[in-house]
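Visitor: My structure is below; once you've seen it, I'll send some questions.
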Amino acid sequence: MIGRLNHVAIAVPDLEAASAQYANALGAKVGAPQDEPDHGVTVVFIELPNTKIELLYPLGDDSPINGFLEKNPSGGIHHVCYEVDDILAARDHLQETGARVLGSGEPKIGAHGKPVLFLHPKDFNGCLVELEQV
Ligand code: CO
């Protein structure tokens, strides 16, 4: 059911420093910061030949990234995003297998303007999973 790895998201305590490190030390193609108020994050996308890295930084006091950075002050891998062809069919199938979908269970529009859902990390070996319909 899942397709390509769309991105790996890394929560960072300093977005400017992390962006500069990927651009300069790692020589990656780093995009401009984008505010995502619906998700409480500012994101920077980094294009790799086979996937993307999404740097996540809190936007607002109730950002879901605040708690993550409190537990992981130097940052850390926050989620992985897999592509699916049909997000509602994927959701229904996952729920039949007992996996929990976060929030209302209805897809939200993600950072790429496409529908996304998140799956409970406790159901996926401690890893928060994002599904994106492509
Ligand atoms: Co993501």
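Visitor: Can you tell me how many residues within the range 49-103 are open to solvent by less than 50 Å² (accessible area, probe 1.4 Å), under 27 Å from Val30 (Cα atoms) and in contact with a Pro (Cβ under 7 Å, 6 or more places away or on another chain)?
Guide: Final tally of qualifying residues: 4.
Visitor: Given the range 18-84, what strands (runs of 3 or more DSSP E) lie entirely inside it while holding 2 or more residues that are among the aromatic types (Phe, Trp, Tyr) and in contact with a strand residue (DSSP E or B) (Cβ under 6 Å, 6 or more places away or on another chain)? Give the steps one after another, and end with the answer.
Guide: On the way: elements: 34-36, 41-47, 52-58, 76-84.
Once the strands (runs of 3 or more DSSP E) in the range 18-84 are filtered for at least 2 residues that are among the aromatic types (Phe, Trp, Tyr) and in contact with a strand residue (DSSP E or B) (Cβ under 6 Å, 6 or more places away or on another chain), nothing remains.
Matching residues to (1) out of contact with any helix residue (DSSP H, G or I) (no Cβ under 8 Å at 6 or more places or on another chain); (2) farther than 21 Å from Asp123 by Cα:
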residue	(1), (2)
Ala32	yes, yes
His39	no, yes
Gly60	yes, yes
Asp92	yes, no
Leu102	yes, no
Glu106	yes, no
His112	yes, yes
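Visitor: Now for a different question. Given the condition open to solvent by 30 Å² or more (accessible area, probe 1.4 Å), part of a helix (DSSP H, G or I) and more than 12 Å from the ligand (Cβ to nearest atom), answer yes or no: does some residue in the range 5-17 qualify?
Guide: Checked against the condition, which is being open to solvent by 30 Å² or more (accessible area, probe 1.4 Å), part of a helix (DSSP H, G or I) and more than 12 Å from the ligand (Cβ to nearest atom), the range 5-17 yields at least one hit.
Visitor: In the range 120-134, what residues are open to solvent by less than 60 Å² (accessible area, probe 1.4 Å) and more than 14 Å from Glu83 (Cβ to Cβ)? Even if it seems obvious, please write down each step before you answer.
Guide: So the first thing to find is which residues in the range 120-134 are open to solvent by less than 60 Å² (accessible area, probe 1.4 Å), and the list is 120-121, 123-124, 127-133.
Across the range 120-134, the qualifying residues are His120, Pro121, Asp123, Phe124, Cys127, Leu128.
The values are calculated or read from the model by the stated rules, or taken from the named source; none is laboratory data. These numbers were taken from a predicted model, which means no experiment stands behind them. Don't worry about glycine lacking a Cβ; one is built from the backbone with ideal geometry, like all the others, and counts go over all protein chains shown. Heads up: the accessible areas ignore ligands, DNA and RNA and are worked out on the full protein's heavy atoms, side chains in. Shrake-Rupley method; radii C 1.70, N 1.55, O 1.52, S 1.80 Å.
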